[in-house]
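**Student:** Before we start, here is the structure in question, set down as structure tokens.
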Amino acid sequence: MCDTCGCNVTEGNRNLIETGGKHAKTSEGNEAVEVLQNLLHENNHRAAHNREHFDKHQVLAINLMSSPGSGKTALLEATIDALNTIRINTNDKLSIAVIEGDLETENDAQRIRDRNTPAIQITTGSACHLDAYMVHDALHELDLDNLDIIFIENVGNLVCPASFDLGHHLNVTLLSVTEGDDKPAKYPVMFRGSNLTLITKADLLPFLDDFDVSKAEKNIRNLANPAPVFQISARKSNDSSLEKQGINEWIEWLKQQIKQYKTHLKLGETVLPMIQKDHLHNSSHPHEH
Amino acid sequence: MHELSICQSIIEQVTEISRQNNARIVTKIYIQIGPLSGVEALLLEHAFPVASAGSIAQNAILEIQILPIKIHCNICGNENTADISKLICSACGAWQTSLISGDEMLLKSVELEKFEEKSNV
């Protein structure tokens, strides 16, 4: 939801706007002021600014979200490796950078840098989510020229990150098989807004008797979410039959998203994450720096 | 506990509105939230005294209205209310629905006591 196009006027509050003016007196003689602004108005404004910045450099920004330990950094490592292989074999180059959000430590950023990929670590202290301000600060440390994708690895948490627009274009949510197939039903706000759900650690499925991929997918459909669900394994195995299951499908999806994103940019539009999909905006209105 | 961040954002917005309206204090803040916003009313109420301490809204009453989840079925056109984890059409059972209401997180209105009114008493 935003505050500029009227999309925050819903069936639930339409009567307020149609029946009353902006200012009125209360019975105590105080002034009542109608506002109808998103509670995260300032964050959303900054997020729009970030998105404009990404769009200017034609960089697709993806918000990676999941509970702690479901394999976000491992997915990024496997993604970098796969992109390197593609570059060597086909000369097809996709450049990425990573913004890492964690409560503490630089561990995750270091894992990405070890693969010669730029990574900015945001340590949030006790904050359970990234917000648009933190991402904005990190962007000042990144050279966006010649990049195709920025992955924003959010703080491991299936609740709070879902409420904050960072200025990204797509939400990708990871659900590892050890977490249980009912997670989408338990965390509907998060999974309703996913442009893609990755069932991670899928190589463990044969050892688990309580994770049914079709049930997980049904729970996502129950949230009226039509987005794809892929099984994936980023495992570094010597057994080539187990290795990197679903990575190719993931890379193909990324390439397709970049293509669609650039088509939108040519039309003067941007791409908004799933929950806001009904509200495509022209990205050309200016934001203050 | 992102409700504290949200409360801090509310205080920032309310402070700005008070400044624009030349208000002395904020007496009431009306909030609307839908269950699919990811904001918990109870946590918001608990966080509010912490976020508002020392601000112009320090003694304001926070009124939170929870809006229902309403969906429109893209298959049969039916409109009905739905459960937070089951946004499926109660008439035909389809999951291809659109949300009409239920993800709001809005600062609806504020009530202010103004400076000039006090000086006129």
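**Student:** Would you please give the residues with an amide H less than 5 Å from that of residue B:27, counting only those at least 5 places away or on a separate chain, with H modeled from the backbone geometry?
**Tutor:** Result for residue B:27 returns B:111, B:112, B:113.
**Student:** Can you give the average number of partner chain beta-carbon atoms within 10 Å of each beta-carbon in peptide B:107-115, as a whole number?
**Tutor:** Shielding by partners across B:107-115 averages 6.
**Student:** Provide a whole-number value for the mean count of partner chain Cβ atoms within 10 Å of the Cβ atoms in peptide B:94-106.
**Tutor:** Partner Cβ neighbours, averaged per residue: 6.
**Student:** Can I ask one more? Taking only Cα atoms, what is the 0 to 90° angle, nearest 10, from helix B:41-52's long axis to the longest principal axis of chain B?
**Tutor:** The answer is roughly 20 degrees.
**Student:** Also: Among the aspartates and glutamates, which fall within straight-line cross-link reach of residue A:255, defined as a Cα-Cα distance under 16 Å, with same-chain neighbours fewer than 8 residues apart omitted?
**Tutor:** A:81, A:92, A:148
**Student:** Right, here's the next one. So what is the 222 nm mean residue ellipticity for the protein assembly as shown from helices alone, if each DSSP H run of at least 4 adds -39500 (n - 2.57) and you divide by all residues, rounding to the nearest 500 deg cm²/dmol?
**Tutor:** -9500 deg cm²/dmol
**Student:** Which whole-number percent gives the relative contact order of chain A, counting Cα pairs below 8 Å spaced six or more residues apart?
**Tutor:** 19
**Student:** While we're here: Under a 1.4 Å probe, what is the accessible area of the stretch A:172-232 per residue, stated in Å²?
**Tutor:** Per-residue accessible area for the stretch A:172-232 comes out at 36 Å².
**Student:** Nothing charged except the Cβ atoms of Lys and Arg (+1) and of Asp and Glu (-1): what's the magnitude of the dipole of the protein assembly as shown about its Cα centre? Round to the nearest 20 debye.
**Tutor:** Dipole magnitude for the protein assembly as shown comes out near 720 debye.
**Student:** For chain A, what are the DSSP H helices with axial Cα length of 24 Å or more and mean Kyte-Doolittle hydropathy of at least -0.5?
**Tutor:** Span-like helices in chain A: A:72-90.
**Student:** Per residue of B:82-89, what is the mean number of Cβ atoms on other protein chains within 10 angstrom of that residue's Cβ?
**Tutor:** The per-residue average across the peptide is 5.
**Student:** Quick one: check the C-alpha center-to-center distance for the stretch B:87-114 versus the stretch B:1-48, whole angstrom.
**Tutor:** When both Cα centres are located, 18 Å separates them.
**Student:** Ignoring ligands, DNA and RNA, please state the percent of accessible area on the protein assembly as shown from carbon and sulfur, probe 1.4 Å.
**Tutor:** Of the solvent-accessible surface of the protein assembly as shown, carbon and sulfur hold 49 percent.
**Student:** Is there a quick way to get the dipole size of chain B? I mean about its Cα centre, with the Cβ of Lys and Arg at +1 and of Asp and Glu at -1; what is the value in debye to the nearest 20?
**Tutor:** About 120 debye.
**Student:** In square angstrom and rounded to 100, what buried accessible area do you get between chains B and A, total over both, with the probe at 1.4 Å?
**Tutor:** Adding both sides of the contact gives about 3500 Å².
**Student:** I've got another one for you. Near the amide H of residue B:65, under 5 Å away, which other amide H atoms are found, from residues 5 or more places off or on another chain, if H is placed in the peptide plane?
**Tutor:** B:31, B:32, B:33
**Student:** What distance in nm lies between label points placed 7 Å from Cα along the C-beta direction at residue A:236 and residue A:136?
**Tutor:** 3.8
**Student:** Under a Cβ-Cβ limit of 4.7 Å, which cysteines in chain B have nobody to pair with?
**Tutor:** B:7
**Student:** Lysine pairs in chain B with alpha-carbon atoms under 18 Å apart, 8 or more places apart or on different chains: how many are there?
**Tutor:** So the count works out to 4.
**Student:** Here is a further query. Report, in listed order, any pair from A:201/A:244; A:186/A:215; A:215/A:244; A:186/A:218 with a Cα-Cα distance greater than 18 Å.
**Tutor:** Beyond 18 Å between Cα atoms: A:215/A:244.
**Student:** Please give, to one decimal in nm, the separation of the simple spin-label points placed at residue A:249 and residue B:19, each 7 Å out from Cα toward the Cβ.
**Tutor:** Once both label points are built, they end up 5.2 nm from each other.
**Student:** So what is the accessible area of chain B per residue, in Å², with the probe set to 1.4 Å?
**Tutor:** Normalised by residue count, the accessible surface of chain B is 46 Å².
**Student:** Now for a separate question. Straight-line reach only, C-alpha to C-alpha below 19 angstrom: list the lysines that residue A:262 could link to, leaving out same-chain residues fewer than 8 apart.
**Tutor:** The qualifying lysines are A:56, A:93, A:277.
**Student:** Tally the DSSP beta bridges in the protein assembly as shown and give the antiparallel ones as a percent, rounded to 5.
**Tutor:** Just about 45 percent of them are antiparallel.
**Student:** Sticking with this structure for a sec: What whole-number distance in Å separates the alpha-carbon centres of the stretch A:161-193 and the stretch A:85-156?
**Tutor:** Going from one Cα centre to the other spans 19 Å.
The values are calculated or read from the model by the stated rules, or taken from the named source; none is laboratory data. Given the structure is predicted, the values throughout are model-derived calculations rather than measurements. Glycine also receives a Cβ, built like all others from the backbone with ideal geometry; neighbour counts cover every protein chain displayed. The accessibility values were calculated without ligands, DNA or RNA, using every heavy atom of the protein model including side chains. Shrake-Rupley method; radii C 1.70, N 1.55, O 1.52, S 1.80 Å.
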